[in-house]
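First the structure, in the form of structure tokens, and then the observations on it.
The values are calculated or read from the model by the stated rules, or taken from the named source; none is laboratory data. Fair warning: this is a prediction, and the values are worked out from it, not measured in the lab. FYI the Cβ positions are ideal-geometry reconstructions off the backbone, even for glycines, and counts take in every protein chain you see. Note: accessible area is taken over every heavy atom of the protein model, side chains too, but ligands, DNA and RNA are not part of it. Shrake-Rupley method; radii C 1.70, N 1.55, O 1.52, S 1.80 Å.
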Amino acid sequence: MNETAAPILDVRDLAVEFPLSGGTIVPVRGVSFTLAPRQRLGIVGESGSGKSLTALSLMRLLPPPGRIGGGEVLMDGRDLTRLSEREMARVRGGRMALVYQDPMSSLNPVQTVGRQIVEAIRTHEDVSRAAARARAIELLGEVGLPQPAERFDSYPHQFSGGMRQRVMIAMAISAGPDVLIADEPTTALDVTTQARIIDLLGRLVDQHDMAVILITHDLGVAASFCDDVHVMYAGRIVERSPAEPLFRQPVHPYTEALLSAICRLDFDVSTPIAAIPGQPPLPQAIPEGCPFHPRCPHAFGRCTVEVPADTLLPDGRTAECHLAGERAGAEVAA
Amino acid sequence: MRRYVLTRLATSIGLLFLSSIVIFCLMRVIPGDPTITKLGGSIQGVDPRALVAIRHQLGLDRSIPDQYVRWLGGIFQGDFGRSYYSQFPVTTLIQERIGATAELAIAALSIALVIAVPAATLGTIWRNRVFDALLSGFTAIGLATPAFVTGIVLIVVFGVKLGWLPTQGYVSFSHHPLASLKSVLLPAITLSIVVAAPVLRVLRASLVDVESASYTRTAAGKGLLRRQVVFRHVLPNASIPALTTVGVVVGGLLGGAVITEYVFARPGLGTLMVDAVYQRDYGVLQALVLLAAASFILSSLVVDLLYGVIDPRLRVRGAGSAQ
Amino acid sequence: MSAVAEPLRVPRRRPRARFLTQLLKRPSAAIAFVVVLAIVVGVVGAPLVAPYSPNAFDFTHLFGGPTLAHPFGTDELGRDLLTRVLYGGRTTLEIAGFSVVLAMSGGSLWGFTAAYRRGWLDELLMRVADLTLGMPVILLGLVLVAAFGSSTLSLVLILGILFMPATARLARAALLSELETDYYLATISVGTPPWLIMLRELLPNAAPVLIARASVVAAEAIFVEASLSFVGLGVQPPAASWGTLLQKGYTNLYRSYWYPLFPGLVILVAVLALNTLGDHLQRVLDPAKR
């Protein structure tokens with residue numbers, strides 16, 4: 001991965017924990033990555049891998065009793081995890097924004113859509129109501145809503161899911177953030193709308209000069225949209241790679257298993273769907289050694305006792321696997 | 001929107017009529033002949049002609065539907081009939097007493113809201129476990145404490161021991177504002193606890209619900225400060241379910257007033273009701289029960305109308321179209 | 001395939017004795033349970049537990065405050081108030097207990113019938129229930145006392161009837177949600193007679209919610225009985241209940257303010273404990289946790 005510019009976001013060993021009465025659960029166990037300006041980064045993984053919590057913790061929006069258990073999130077040389085509430089509020093929306101996965105309930109039902117966007121604008125900029133209104137209408141048009149001026153005064157329940165998501169996106173970019181985090185923005189939508197929203201995101205990101213972190217479990221979307229992809233499993237990033245090489249030749253066995261579980265139109269119908277045996281581990285029951293070893297077809301002795309280190313591979317990719325070097329080497333040779 | 005208002009109005013009026021019929025019939029059906037009550041409990045040795053005369057005087061010799069129509073007609077003209085016991089027009093009795101009850105109700109409601117709303121809101125903003133536990137405790141105790149217990153405790157502390165405030169009687173506000181406030185303070189505090197406890201409980205519950213809604217997270221994600229999130233997004237949405245409870249409580253204030261007025265010897269509609277029960281005075285009773293039903297129906301109506309104003313989802317019926 | 005001769009038993013976990021331990025895990029529930037138990041034992045065993053006879057006059061100690069000899073003080077005739085509260089509790093709990101039984105059984109029948117029959121009967125029954133829901137219970141209670149008097153039987157009937165509509169609503173909702181479950185539809189479709197399933201599965205599954213509610217209704221019954229007696233329209237002298245003791249205390253407030261305080265506290269504690277118990281019971285027995 002080539003990042004010649006200074007990263008706009010530098011996450012180091014971020015951990016998230018939930019202290020509960022039965023004990024503390026740690027769903028995110030040390031996540032590190034960097035984000036360059038205008039980079040499109042995808043974070044993929046199954047449900048429960050910790051990807052949404054990672055996103056929430058970047059914005060410090062973890063629901064109580066969740067809290068950041070360690071690590072740093074550096075932006076402009078400041079550690080976001082150490083900022084006061086007030087300072088963090090200025091970052092939210094202004095420098096970094098989050099688009100959520102359930103558009104149906106992510107908007108305040110008793111306020112007009114326009115008013116909510118105006119609020120987002122005026123929180124970060126000292127502009128008049130009229131100016132903010134004009135900006136909001138412009139944004140509504142930019143995200144593809146027809147008749148934006150009329151739509152300004154509509155209420156969320158008067159929109160379909162796809163349109164609400166567009167409104168959410170408009171609201172997120174309204175204060176001109178440098179980083180846009182999209183947490184499964186299309187999961188709740190139908191397939192056609194999904195494609196349109198992804199297109200929209202792509203356009204906006206280019207036009208507004210933003211870096212994007214796209215969190216998804218949809219490998220296809222990640223493949224087409226992202227420059228680089230990080231794969232998460234059991235609260236850690238197990239593989240980092242530019243998109244194209246990842247999908248062509250995955251290194252980590254988990255990524256490989258994920259990709260082979262995809263059905264393709266040119267498969268023989270009688271071919272059984274390759275599923276990964278077993279279940280992803282619960283945060284309170286992470287296996288010893290490599291967390292993936294119970295389900296890994298290549299697991300051997302060492303995997304059951306020693307946690308694999310993050311291995312740096314010759315082409316800049318990384319993978320947390322004891323066999324990383326050989327697997328990468330074998331692929332290059334092949 | 002207009003259709004909603006009209007429908008609700010029509011339903012309310014219908015309910016009111018229905019209630020009046022039910023109340024009227026109930027009074028006629030339950031055992032106990034009011035004429036006997038008037039005569040002191042027994043018809044032994046009473047001149048039958050006197051009996052007939054009294055029955056005629058009370059209008060009891062007509063058919064029931066006839067009596068109902070006369071009663072209802074009277075009400076429209078502001079005549080609630082006569083007390084079986086004292087022969088005073090019920091309207092007069094009500095007029096004499098309603099001031100005390102109304103002042104009590106308003107004072108109690110104000111105190112309750114001033115306590116409940118800020119307490120619940122602060123609890124949400126701060127998200128402090130200790131404060132929340134305290135609030136829960138107060139709510140539970142408040143819900144379980146009968147008005148007479150609170151009343152007696154207040155009387156003992158502020159009346160007997162400290163002697164700061166009067167513990168009985170009533171001074172009308174228009175008559176003497178300061179004395180009026182002093183006389184209403186203890187009863188109002190007593191009644192306000194009865195009102196505040198359920199409101200506090202439901203408000204806290206709905207604040208918690210709204211707190212976990214996605215749009216609260218969206219609001220914080222925009223860069224709003226905690227108190228801005230609570231005041232602009234959480235509280236407005238949480239008020240909606242709480243409003244129903246407020247309506248129910250307001251409608252039921254007359255019930256709470258009964259005990260409170262009795263404890264503080266305050267001459268209001270509540271004590272009038274107790275007296276009427278002692279005297280088996282159905283003339284007064286049916287008017288009071290109708291009044292109670294009316295106040296409940298009215299407050300339900302107001303709440304429903306407020307809903308229409310606050311919640312836009314109720315307003316637009318079929319006018320919004322998803323695309 | 002042979003015809004189904006035996007009704008199909010779809011195994012459902014029913015929270016039997018296990019819930020008791022789960023209930024008592026939470027501190028406030030355990031305290032409430034103990035308090036209720038203590039009150040019931042104290043009241044039922046009054047002849048054994050009470051330190052004095054309820055009618056033992058002692059003219060040397062009129063309107064006494066709380067002392068070691070008389071923890072609740074004494075009344076206008078020198079009688080020990082603790083004793084009188086224990087004995088008075090018998091009247092209060094008797095009335096409350098019977099009225100709860102009446103309200104729960106009547107209300108359940110009402111609600112179950114409505115839920116099972118649906119249609120116009122359901123509508124009718126529920127409209128009747130709704131009629132009274134808005135009115136404050138005390139007002140209705142007063143009116144009914146005016147009509148039917150305040151003998152023990154009347155009070156039990158009045159209170160029972162007052163609390164039936166709300167119970168009916170609850171019972172109806174509970175049975176309705178059972179009737180909509182997949183397992184019910186499944187057992188019906190195999191040919192099992194509905195009444196059998198009702199008895200074996202549905203009613204026992206709807207029961208926990210009602211049991212939790214019974215605790216709250218008991219609290220309300222004590223509340224209303226005390227209120228009615230307090231204004232002189234409930235239990236009549238010479239019988240004593242917590243409400244009448246409170247009333248006597250209130251009239252003698254200026255002589256001894258301890259007199260009404262203790263009966264009042266007892267009422268408060270009993271209602272609070274029953275309410276808390278009911279709340280916790282509801283949470284522990286909540287079908288949503290199945």
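Which values of log₁₀ I(q)/I(0), to two decimal places, follow from the Debye formula for region C:140-271 at q = 0.20 Å⁻¹ with a uniform point scatterer at every Cα? Result of the Debye calculation: -1.07. Think of the protein assembly as shown as having a plus end and a minus end, set by charges on the Cβ of Lys, Arg, Asp and Glu; of C:PHE112, A:MET171, C:GLY234, C:GLY234 sits farthest toward the positive end of this dipole.
With all pairs of different alpha carbon atoms counted, what Kirkwood hydrodynamic radius in Å does region A:269-315 show? It works out to 12.8 Å. Stokes-Einstein diffusion of chain A at 25 °C, 0.890 mPa s viscosity, Kirkwood radius from Cα pairs, rounded to a whole number: 116 µm²/s.
Per Stokes-Einstein, at 10 °C and 1.306 mPa s, what whole-number D in µm² s⁻¹ belongs to region B:90-208, with the Kirkwood radius over Cα pairs as the hydrodynamic radius? After rounding, the answer is 101 µm²/s.
Annotation note: GluC sites (Glu not before Pro) in region A:209-291 located in DSSP loop regions with a Cβ neighbour count of at most 12 within 10 Å are A:GLU288. The slack between A:ARG264 and A:GLU125, meaning 0.36 nm per residue of separation minus the straight C-alpha distance, is 45.2 nm. Among bridges DSSP assigns within the protein assembly as shown, what percent are antiparallel (round to 5)? If I count the DSSP bridges inside the protein assembly as shown, around 60 percent turn out antiparallel. The largest-to-smallest principal axis extents of the Cα set in region B:88-138 are 57, 17, 10 Å. Note on region A:204-256: semi-axes of the ellipsoid equivalent to its C-alpha gyration tensor, largest first and rounded to whole Å, are 22, 12, 9. Under a model in which nothing but the beta-carbon of Lys, Arg (+1) and Asp, Glu (-1) is charged, region A:215-285 shows a dipole of about 220 debye around its Cα centre.
Close Lys pairs in the protein assembly as shown, defined as Cα atoms under 24 Å apart and 8 or more places apart or on different chains, number 4. Once the Kirkwood radius over Cα pairs is known for region C:73-153, the Stokes-Einstein relation at 37 °C and 0.692 mPa s delivers a diffusion coefficient of 206 µm²/s. For region A:43-172, the fraction of C-alpha pairs farther apart than 22 angstrom is 45 percent.
Highest mobility in the GNM of chain C, judged by mean-square fluctuation with C-alpha springs under 10 Å and restricted to C:VAL35, C:VAL271, C:VAL128, is found for C:VAL128. Placing +1 on the Cβ of every Lys and Arg and -1 on the Cβ of every Asp and Glu, with nothing else charged, gives the protein assembly as shown a dipole about its Cα centre of roughly 1980 debye.
Here the Debye sum runs over all C-alpha atoms of chain B as equal scatterers in vacuum, and log10 of I(q)/I(0) at q = 0.08, 0.09 Å⁻¹ comes out as -0.51, -0.63.
The Cα-based radius of gyration and maximum Cα-Cα distance (Dmax) for the protein assembly as shown are 35.1, 124 Å. What is the Rg over Rh value, at two decimals, for region A:1-80, using alpha-carbon atoms and the Kirkwood definition of Rh? In region A:1-80, Rg relative to Rh is 1.00.
When both bridge partners sit in region A:16-162, DSSP labels roughly 90% of those beta bridges antiparallel. Under the rule a/c < 1.5 gives rounded, and otherwise a/b versus b/c splits prolate from oblate, where does chain C land using the Cα gyration tensor? Because a/c hits 1.5 or more and a/b exceeds b/c, chain C counts as prolate. Rounded to the nearest 20 debye, the dipole size of chain A about its Cα centre is 800 debye, using +1 on the Cβ of Lys and Arg and -1 on the Cβ of Asp and Glu.
Positive end of the charge dipole of the protein assembly as shown (Lys, Arg +1 and Asp, Glu -1 on Cβ, about the Cα centre): tell me which of B:ILE297, B:VAL284, A:SER128 has its Cα farthest that way. Going by the Cα projections, it comes out as B:VAL284. Residues of region C:111-140 that bury at least 20 Å² of accessible area when the other protein chains are present, relative to the chain alone (probe 1.4 Å, heavy atoms, ligands and nucleic acids excluded): C:LEU131, C:GLY134, C:MET135, C:PRO136, C:ILE138, C:LEU139. A helix-only calculation puts chain A at -9500 deg cm²/dmol for mean residue ellipticity at 222 nm, using -39500 (n - 2.57) for each DSSP H run of at least four residues, averaged over all residues.
In this structure B:ARG127 has an accessible area near 120 Å², from a 1.4 Å probe over the protein heavy atoms.
Classify region A:102-159: rounded, prolate or oblate, from the alpha-carbon gyration tensor (a ≥ b ≥ c, eigenvalue square roots; a/c under 1.5 rounded; otherwise prolate if a/b is larger than b/c)? In terms of gyration-tensor shape, oblate.
Accessible surface of A:GLU85, taken over heavy atoms with a 1.4 Å probe and every protein chain present, rounds to 90 Å². For the protein assembly as shown, the fraction of 1.4 Å probe accessible surface lying on carbon and sulfur atoms is 63 percent.
Can you bin region B:197-323 into rounded, prolate or oblate? Criterion: square roots of the alpha carbon gyration tensor eigenvalues sorted a ≥ b ≥ c, rounded for a/c under 1.5, prolate for a/b above b/c, oblate for the rest. Judged from the Cα gyration tensor, region B:197-323 comes out oblate (a/c at least 1.5, b/c at or above a/b). What accessible area, summed over both chains, is buried at the C-B interface (1.4 Å probe, Å², nearest 100)? The C and B chains share an interface burying roughly 3300 Å².
More than 13 Å apart: what percent of Cα pairs in region B:180-240 qualify? Counting every Cα pair in region B:180-240, those more than 13 Å apart make up 66 percent.
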